[in-house]
Amino acid sequence: MQGLTKTIFMKLRSTAIIGMIFMLVACGTGKEGTDKPDGGFNLFPVEKDKELGLQVAGQIESNPSEYPILDSASNVAAYKYIYKVRDKILATGEVKHKDDFAWRVRIVNDDETLNAFCTPGGYIYFYTGIIKYLDNEAQLAGVMGHEMGHADLRHSTRQMTKQFGVQLLLSAVLGDQSAIGQITAGLLALKFSRAHETEADQMSVYYLCPTDWPADGGAGFFEKIEASGAQQPPQWLSTHPSPENRIENFHNLAKEKGCGGRNSFDKEYEAFKALF
């Protein structure tokens, strides 16, 4: 009888937990407008972001044919430069998980790909294609700030909280390795929502505002895309907010916050690009 009572209690408790999860997922929307995004509800603890990010980084770096990463020991000057940009962002005090996440940067030797991304837990990847495409350090910092914003707001695990079944997520949180494996595979194919892209753009402005870079440096990439008249933007942009809207949002938020940075470090950036 005691065993039956315990079983019933456990089932009721599990039902209550799942019910609370559904309620919180529905309510966790974060802030709107130009208020600094707060990340909203996330079923995963921060430790899971770190664990999942490390697993994804391991998968990426064990696949050099798809991700030909430049060796940091053989490309000291390039990594010194890109880490200097990262450190400047972290020093602003605006990165919520500055001390929680790795914020490790790797450069992918692929001139044909205009992309950068950041896994949960702060593993940042920049393709040489986008490095060569950008014009100055402020633009690089703007893109880096955007990618760091995704990790800092924990967008990957927030999105998976809604995308995966609650039972699978709960199993992952409780340490089920099979569930963690499924979620890790999902992370590699994850596309962010338009709302998350807008939030990451906002975070880029917040990160750059205390620096001597223009806080709207992230707009530069989209301005180049528009100026080129490209009929087909990079595939990863296809589901994002339109470049025109993003450019306007970058400029408006920087102006609203009264950010005063003006130095784009053009010459320094040209020397950086010449390393590849």
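Can you figure out the FRET efficiency of ASP176 with LYS132, using R₀ = 41 Å and their beta-carbon distance, to the nearest 0.05? Please list the in-between numbers first.
Details: r = 43 Å, r/R0 = 1.04.
That pair, ASP176 with LYS132, gives E of 0.45.
Take TYR83, project a point 7 Å from its Cα along the Cβ direction, then tell me which residues of the stretch 128-148 have their backbone nitrogen under 11 Å from it.
none
With a point put 7 Å past each Cα toward its Cβ, work out how far LEU188 is from ASP111 in nm, to one decimal.
2.7
Taking the Cα atoms of the stretch 137-201, report the difference between the largest and smallest coordinate on each principal axis, in whole Å and largest first.
Answer, in whole Å and largest first: 42, 20, 18 Å.
Compute the length gained on full extension between SER74 and ALA271: take 0.36 nm times their separation in residues and subtract their Cα-Cα distance, giving the result in nm to one decimal.
69.2 nm
Determine the percent antiparallel among the DSSP beta bridges restricted to the stretch 76-220, to the nearest 5.
Percent antiparallel among DSSP bridges in the stretch 76-220 is about 40.
What order, most packed first, do the peptides 61-74, 110-123 have when packing is the mean number of other Cβ atoms within 10 Å of each residue?
110-123, 61-74
So how far apart, in nm, are the two label points at ASP100 and SER62 if each is 7 Å from Cα heading toward Cβ?
According to this spin-label approximation, the distance is 2.7 nm.
Bear in mind these aren't lab numbers, they're just calculated from the coordinates by the rules spelled out. As the structure is a computational prediction, the values presented were derived from the model and not from experiment. With ideal geometry, Cβ positions are generated from the backbone for all residues, glycine too; neighbour counts draw on all protein chains shown.
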